[in-house]
Amino acid sequence: MVILLKTGYEHLKKDYGNEKKYNPVWYNHLKYNKKPINVLIDEMFRRFEKKGKYSGAANKVNFYDNDTGKLIESKTP
């Protein structure tokens, strides 16, 4: 899950020491791995909405398949 932040929230982006800042990325909890993809997305989005620092700062949340890199779903908070 990639959290695409609104302009003005660069302070919430991650810095990996190479002078670039990146949008935050979250991965699902291992206990949810055997569930259907729609359940995983719903659970991750629910956790995202509870985290106040990102939920008000996001334009969009994208969910990708880790194996293929393809976009599965995009949600707007």
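So what is the accessible area of the chain per residue, in Å², with the probe set to 1.4 Å?
I get 72 Å² per residue for the chain.
What is the total of Lys pairs in the stretch 1-57 with C-alpha atoms under 22 Å apart, excluding same-chain pairs fewer than 8 positions apart?
Close lysine pairs under the 22 Å cut-off: 19.
Within the accessible area of the chain, what % is carbon and sulfur when the probe is 1.4 Å and the other protein chains stay in place?
Carbon and sulfur together cover 49 percent of it.
Any chance you could run the full-extension gain for residue 25 through residue 62? It's 0.36 nm times the residue separation minus the Cα-Cα distance, nm to one decimal.
Working: separation 37, 0.36 × 37 = 13.32 nm, distance 0.96 nm.
Residue separation times 0.36 nm, minus the Cα-Cα distance, leaves 12.4 nm.
All other residues with a Cβ under 11 Å from the Cβ of residue 4 taken together, and with Lys, Arg as +1 and Asp, Glu as -1, what is their net charge?
Here the count lands on +4.
Sum up the charges of everything whose Cβ sits under 13 Å from the Cβ of residue 25, counting Lys and Arg as +1 and Asp and Glu as -1, but leave residue 25 out.
In short, +3.
Please state the relative contact order of the stretch 1-66 as a whole percent: Cα pairs under 8 Å, 6+ residues apart?
So the answer I get is 50 percent.
To the nearest 0.05, how large is the calculated FRET efficiency for residue 16 and residue 42 if R₀ is 30 Å and r is the Cβ-Cβ distance?
Efficiency at R0 = 30 Å is approximately 0.55.
How do 7, 68 rank by accessible surface area computed with a 1.4 Å probe, from largest to smallest? Before the final figure, lay out each step's value.
Numbers: 7 130, 68 90 Å².
These residues rank, largest area first, as 7, 68.
The values are calculated or read from the model by the stated rules, or taken from the named source; none is laboratory data. Values in this document were obtained by computation on a predicted structure and should not be read as measured data. We place every Cβ from the backbone using ideal geometry, glycine too, and count neighbours over all the protein chains shown. For accessibility, only protein heavy atoms count, side chains too; no ligands or nucleic acids. Shrake-Rupley method; radii C 1.70, N 1.55, O 1.52, S 1.80 Å.
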